[in-house]
Structure formats: structure tokens, C-alpha cells
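Engineer: Quick one: the structure is below, questions incoming.
Values quoted throughout were computed directly from the atomic coordinates according to the rules given, and no laboratory measurement underlies them. Just so it is clear, the structure is predicted and the values come from calculations on it, not from any experiment. Methodologically, a virtual Cβ is constructed for each residue, glycine included, from the backbone with ideal geometry; neighbour enumeration extends over all protein chains shown.
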Amino acid sequence: MPPTPPRPRVLLTGAAGDVGSRLRPLLLAEYGALRLSDLREPAVPPKPGETFVRADLADPAQVAAIVEEVDAIVHLGGYSVEGPWEPILSANIVGTQVLYEAARRGGVKRIVFASSNHAVGFYRRDRTIDHAVPPRPDTRYGLSKAFGEALGALYADKHGLRVLNIRIGNVADAPIDRRRLAIWIAPADLLQLVRIGIEHPDLRYEIVYGASDNARAWWDNRRAREFGYRPTARAEDHAARVLSVAETPDPVGDRFQGGGFCTQAFDHDEPAQSGRGNVA
Ligand code: 15L
């Protein structure tokens, strides 16, 4: 029998956050060991096989230490909602650049970047968009995610890192409202995508959407399918419950994929839609 290849050594940043806490046990079960990092201690202490190292992503020395002897990084760390410029600049823009640079210097081969649907939140809901559309960020947060995707392209093209950007919808056990019927992703489906980022031999640089098999999706996720993604959860199984709950109309957010993120500070009639990219 041929020897089994060694399992990749994986670093999970943002391990104490909501998505990190959901992904953590799944990654540990998959790879047998996991290095965790965050600014704060995770609520669940490290299990056998896990180690936790506290790190501020904007500090190059701390980040160099966490990427040491790692094959792949699942980068969830940073600011995960809209906020003031300062923390977004420091955690998501400077922090992601520091991480990529540490990864390059440290010989890390792969990065799975938790991008967000908010990098393209200003596409209208009546348009189906794919992985090739230009960013239409709906917030400073979404803009920082678009930056992270572009940064990944630079490190992939110039330095050969293998990068998967997952434009995550909403990670939860079930869709929590009408908008999430289109963008929900179950943790097990997110794990599938993350594994493609960590393991797929043909991956160089890709953008995919982090969504389950949702009948109401406004994303064409064929690129993920081409890499073998076969989501098993279906938002439609939860539709009757979600639709039975009355929702307050949001005249701005209801038009756009990013929902309420688009509404924040929105102060004119309607942004133009460029029609560039593969917009069906
Ligand atoms: C995100 O990017 C956020 O991190 C998450 O908290 C949700 O708000 C999600 O988007 C969403 O759009 O539902």
C-alpha cells in the first residue's frame, strides 16, 4: 500500500468567533490537529490535538509566530461586521496583509480567506452574479473583504500561494430570515469548501460563494461545483418556518443582496448597476 500523505498542518485565525467556533470541531475531526489563534481565548478551551496562540493580526512578530510550520491557513480573523474605519483598517486590511506576508516568508502553501457576501452586497437581488463580477462592496467591512480578495490574487500571482476566497453568506444551523434563505450556509457545507481550499490539487486562485444548496440563491456558484463542491443542506427545507414570520420592510436593503448592510448610511436614490462581469 502507498504511504498515506501526512495531514496538512492547519492554522485557524479568528478561532474564538462565531464561524470559528463552528468550524473548529469539524476541522479538528478532519485533520486531527489544529492551531487556533485569536485576540481573545476561545470560550471552549483547546481539546487534545489543538493549541491556542493569542495573536494580534496587525503585529508582524506575533503573526510570524503563529504561521510557523503551518501548511494552510484558514483566515477568519478580523472585524466581521460593519464598523468604524480604524478597527477595520487595522484588523482586516493591515491584519490580512501582515498575515499574507508572514505566510509567504514562512513558506505557507495555502490560504483560505473568509471573504464575505458584503464584498458584492450592492448587486441587486434580481441579478444572478458569479465569481467573475467586480466587487460592489456595501460597507467599509465589505470593502476590506474585496481588498483581501485582491491581496490574495497578488500573493497567488506573484508568489505562488494557493488561495481560495469564500464569499461567505451566513453561517448558521438554519436560515434565520428571508434574505438568509438565499445566502445561508450550513457549517458542514462550509467545511467542504474549506477542504477544497486546503487540499484541492488544481487550486491556484479562486473565488467561490459560501452558500448551501439554496433554491432562492442569487449566486451562480458553478466555480465551486467545478472544484467538487456538493452542498448537502437546503435552505428551502426551512422556508415555511422562515416565511411564516413577518419581517419589517426595508426599502433599501430589500432591493440589494447585502440587505441591511446596504441600508446603513445610504443617502441617495439608487446606485448605478454597471452590468460589467458575468451578470445574468
Ligand atoms: C457577514 O459577512 C457577517 O460576518 C455576518 O455576521 C452576517 O451578517 C452575514 O455577513 C450576513 O450577510 O448575513
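Engineer: Tell me the relative contact order for the range 113-218 as a rounded percent, counting alpha carbon contacts under 8 Å between residues six or more apart.
Structural biologist: 31 percent
Engineer: When DSSP beta bridges are limited to those with both residues in the chain, what percentage is antiparallel, rounded to the nearest 5?
Structural biologist: 5 percent
Engineer: Using the charge dipole of the chain (Lys, Arg: +1 at Cβ; Asp, Glu: -1 at Cβ; taken about the Cα centre), state which of Thr263, Pro46, Leu193 has its Cα farthest towards the positive end.
Structural biologist: With unit charges placed on the Cβ atoms, the residue in question is Leu193.
Engineer: Additional query: If the convex hull of the alpha-carbon atoms of the range 84-124 is projected onto planes in all directions, what is the mean projected area in square nanometres?
Structural biologist: That works out to 3.7 nm², a quarter of the Cα hull's surface.
Engineer: Tell me the volume per residue, in Å³, of the convex hull enclosing the alpha carbons of the range 69-183.
Structural biologist: 109 Å³
Engineer: In terms of modelled amide H atoms, which long-range or inter-chain residues lie less than 5 Å from the amide H of Leu36?
Structural biologist: Amide H neighbours of Leu36: Leu12, Thr51, Phe52, Val53.
Engineer: What is the order of Lys109, Lys158, fewest Cβ neighbours within 10 Å to most?
Structural biologist: With the fewest neighbours first, Lys109, Lys158 line up as Lys158, Lys109.
Engineer: Sort His268, His75, His200, His159 so the one with the fewest other Cβ atoms within 10 Å of its own Cβ comes first.
Structural biologist: Ascending number of Cβ neighbours within 10 Å: His268, His159, His200, His75.
Engineer: Taking a point 7 angstrom from the Cα of Glu236 along the C-beta vector, which residues in the range 182-216 have backbone N less than 19 Å away?
Structural biologist: Those under the cut-off are 182-186, 189, 211-216.
Engineer: Starting from the Cα of Tyr205, step 7 Å toward the Cβ, then list every residue of the range 225-241 with an amide N under 15 Å from that point.
Structural biologist: none
Engineer: Which loop-located GluC sites (Glu not before Pro) does the range 159-263 contain, where loop means any DSSP state but H, G, I, E or B and the Cβ has at most 16 other Cβ atoms within 10 Å?
Structural biologist: Glu247
Engineer: Would you mind telling me which residue in Arg241, Arg136, Arg35 has the biggest mean-square fluctuation in a Gaussian network model of the chain, where springs connect alpha carbons within a distance under 10 angstrom?
Structural biologist: Arg241
Engineer: Counting alpha carbon pairs within less than 8 Å and at least 6 residues apart, what relative contact order, in whole percent, applies to the chain?
Structural biologist: Value for the chain: 17 percent.
Engineer: Dipole magnitude of the range 144-247 about its Cα centre, charges +1 at Lys/Arg Cβ and -1 at Asp/Glu Cβ only, in debye to the nearest 20?
Structural biologist: I would put it at about 120 debye.
Engineer: Grab the eigenvalues of the alpha-carbon gyration tensor for the chain, scale each by 5, take roots, and send me the semi-axes largest first in whole angstrom.
Structural biologist: 30, 21, 19
Engineer: Could you name the lysines in cross-link range of Lys145, using Cα to Cα under 28 Å and dropping any fewer than eight places away on the same chain?
Structural biologist: Lys109, Lys158
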